[in-house]
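For reference, the structure discussed in these notes is given below.
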Amino acid sequence: MKAIYKVIESINHDGIIDGQRVLLHTDSEVTFATLTKWGSMVPNTQDVCVDLFWYCLRHKIALLATWIPREMNTLADSLSKRNYACDWKLCPDVFQHLNTVWGPFMLDLFATDENFQLEPYYTFHYTTRTHGVNAFTHHWQSRAWCNPPFRIICSDSLRSSGCVSMIPWHRMPLIRLVTSGSVTVAG
């Protein structure tokens, strides 16, 4: 339910679906039942459902749901089960130490609403709180905190931006790979 609420809120960031009918296709029978009844016996789900209900009412959004059998929705089902192992957050105390030593940082370049260290921050996908989408498409006029997902550390985009600095951790195979290339390691 929380994901549905965030998606509706994100899509409607500038009122684009105010006063509209929105049809949600779901392969979850529980989600379908919750949206059809506007309620759940699970307290946390009920709280989000009530918040979503009031959001839709305030914005005059008619949220409708339809159920799709999972076997007719295999692509979306497989995408929903992906594990984003790179979506982690450095311990805030360690970040504060690095901010004291190398900062002050004014911007967080590769964040999510759940793991940002400071505001403003850039995300990979639009959210209502992000400063922008895709840090590579923006010019940074200030010192930026850069803690990218490991999957893009070796990318040409990150190297050409000149923003890679890492704490050496030579026992980690990825760090050995990066330090053997053309990336400078700050230590």
Residue, least open to solvent (accessible area, probe 1.4 Å), within the range 1-29, restricted to residues that are under 27 Å from Thr130 (Cα atoms) and more than 22 Å from the chain's Cα centre (by Cα): Val22
Take Val48 and decide whether it is free of Cβ contacts under 8 Å to residues at least 24 places away in the same chain and aliphatic (A, V, I, L, M). no
List pairs: first in the range 65-90 and of a type in the set (Asp, Glu), second open to solvent by 90 Å² or more (accessible area, probe 1.4 Å) and modelled with pLDDT under 85, Cβ under 8 Å, 6+ apart or cross-chain? Asp77/Arg70; Asp87/Glu114
Which condition number in (1) modelled with pLDDT under 90; (2) over 30 Å from His138 (Cα atoms); (3) not small (Gly, Ala, Ser) is the one that Leu90 fails? (2)
Within the range 125-158, take every residue that is among the hydrophobic types (A, V, I, L, M, F, W, C) and either modelled with pLDDT of 80 or more or touching a strand residue (DSSP E or B) at 6+ places or on another chain (Cβ under 7 Å) (or both) and give me the one that is farthest from Trp88 (Cα to Cα). Trp140
Could you tell me whether Phe32 is more than 30 Å from Gln141 (Cβ to Cβ), open to solvent by 60 Å² or more (accessible area, probe 1.4 Å), touching a residue at least 24 places away in the same chain (Cβ under 8 Å) and touching a Leu at 6+ places or on another chain (Cβ under 9 Å)? yes
So, in the range 86-131, how many residues would count as being of a type outside the set (Val, Ile, Thr) and assigned to a strand (DSSP E or B)? 4
Of all residues in the range 39-56, count the ones that are assigned to a helix (DSSP H, G or I) and of a type in the set (Ser, Thr, Tyr). 2
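The values are calculated or read from the model by the stated rules, or taken from the named source; none is laboratory data. As the structure is a prediction and not an experimental result, all values here were calculated from the model. Note: ideal-geometry Cβ built from the backbone for every residue, glycine included; neighbour counts use all protein chains shown. For accessibility, only protein heavy atoms count, side chains too; no ligands or nucleic acids. Shrake-Rupley method; radii C 1.70, N 1.55, O 1.52, S 1.80 Å.
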